[in-house]
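The values are calculated or read from the model by the stated rules, or taken from the named source; none is laboratory data. Predicted, not measured: the structure shown is a model, and the values here were computed from it. Ideal geometry is used to build each Cβ from the backbone, glycine not excepted, and the neighbour counts take in all protein chains shown.
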Amino acid sequence: MSRLKTKHLLGIKNLDREDIELIFQTTANFKEVLNRPIKKNPSLRDVTIANVFFENSTRTKLSFELAEKRLSADIINFSASGSSVEKGETLLDTVNNILAMKVDMVVMRHSSPGVPHLLAKNINSNIINAGDGTHEHPTQALLDTFSILDKTGRVEGKRVVIVGDILHSRVALSNIFALQALQAEVMVCGPPTLLPKHIGELGVEVETDIRKALEWCDVANILRIQLERQQMRYFPSLREYSQYFGINKQLLDSLNKEILIMHPGPINRGVEITSDVADSDHSIILEQVENGVAVRMAVLYLLAGIG
Ligand code: CP
């Protein structure tokens, strides 16, 4: 019986190709189940999961919750806003109190990089990182990479450009690790101020001209400008960003080739992507969201030791 070589999902950096392929095989099975009239599966019937979110989320939070319900787990949801964190309770006290209620697995989102790693060292439970600051967002990268595989039949050899705010993006880092583990070629493209200085050392191509990047790639994964994480101005205005790095239909039509368009969400329509691209036949943005539930079911199932 195949198993993951880890008790936690802290980042893609901690997974190897075999782990990712096992998650994708399991995801494909769950995707098939999710397309049946009866979508529920009893696998996690005796497992209790806490979704602990210290930062806002729509897709990740709902997707984990639905994945847990599809697997028949018992779940509790915690949001820092409105909780005793606002009275000064520490992170570890909060999590230890949640675990005292006999919780088996913790899904954690936090604005500080490394929080899931801190928890994994200090508590006796499976930890799944649902996004830690600017560090990693492993289930997003798994669903992005699975979506490329599902749509095109392979990841190996594909040329994938990640466009935009690479500096503040946990999605970018996790995608780079996942794509490279599966032998894809990766490029990052954005304004020089939003590209980390040493990003090339990760073995990715680096480009600041969006046209050249699009001419190079098979797949473009377009990121949101994360204004909430920016302490200074990295470009003159959103209008200028859109003019130089925004993906619009006119630009794509001028390339004379087809590119698969992805976006992890939330979208800033008219900034990094126009509606005629986001809603076009080349876009798989909502398929990414659909695949996210099956990917998260696979991760929960495998980490619970059932796989
Ligand atoms: N992609 C993503 O993480 O979206 P949410 O912030 O809505 O969860």
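Data for the structure
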| quantity | calculated |
| --- | --- |
| Failed item, numbered, when ALA298 is tested on (1) touching a Lys or Arg at 6+ places or on another chain (Cβ under 8 Å); (2) in the same structural domain as LEU66 (by TED's automatic domain parsing) | (1) |
| Top-ranked residue in region 45-56 [being in a loop (DSSP other than H, G, I, E, B) and within 23 Å of the chain's Cα centre (by Cα); ranked as surrounded by the fewest Cβ atoms within 10 Å (Cβ to Cβ)] | ASN56 |
| Residue within region 128-150 that is free of Cβ contacts under 8 Å to residues at least 24 places away in the same chain and at negative phi present | no |
| Identity of the residue in region 57-79, free of Cβ contacts under 8 Å to residues at least 60 places away in the same chain and within 12 Å of the ligand (Cβ to nearest atom), that ends up surrounded by the most Cβ atoms within 10 Å (Cβ to Cβ) | GLU65 |
| Unmet criterion (only one of (1) more than 20 Å from ALA178 (Cα to Cα); (2) more than 16 Å from the ligand (Cβ to nearest atom)) for GLN25 | (1) |
| Options ILE148, ILE162, ILE225: the member that is in contact with a helix residue (DSSP H, G or I) (Cβ under 9 Å, 6 or more places away or on another chain) and over 29 Å from GLN25 (Cβ atoms) | ILE225 |
| Criterion violated by ILE306 - all others in (1) under 27 Å from ILE128 (Cβ atoms); (2) modelled with pLDDT of 95 or more satisfied | (2) |
| Positions within region 1-24 being under 18 Å from the mean Cα position of the chain (by Cα) and under 14 Å from LEU300 (Cα atoms), in sequence order | HIS8, LEU9, LEU10, ASP19, ILE20, LEU22, ILE23, PHE24 |
| Lone qualifier among LEU214, LEU202, LEU252 - being surrounded by 14 or more Cβ atoms within 10 Å (Cβ to Cβ), over 23 Å from the mean Cα position of the chain (by Cα) and either within 21 Å of LYS158 (Cα to Cα) or within 16 Å of the ligand (Cβ to nearest atom) (or both) | LEU252 |
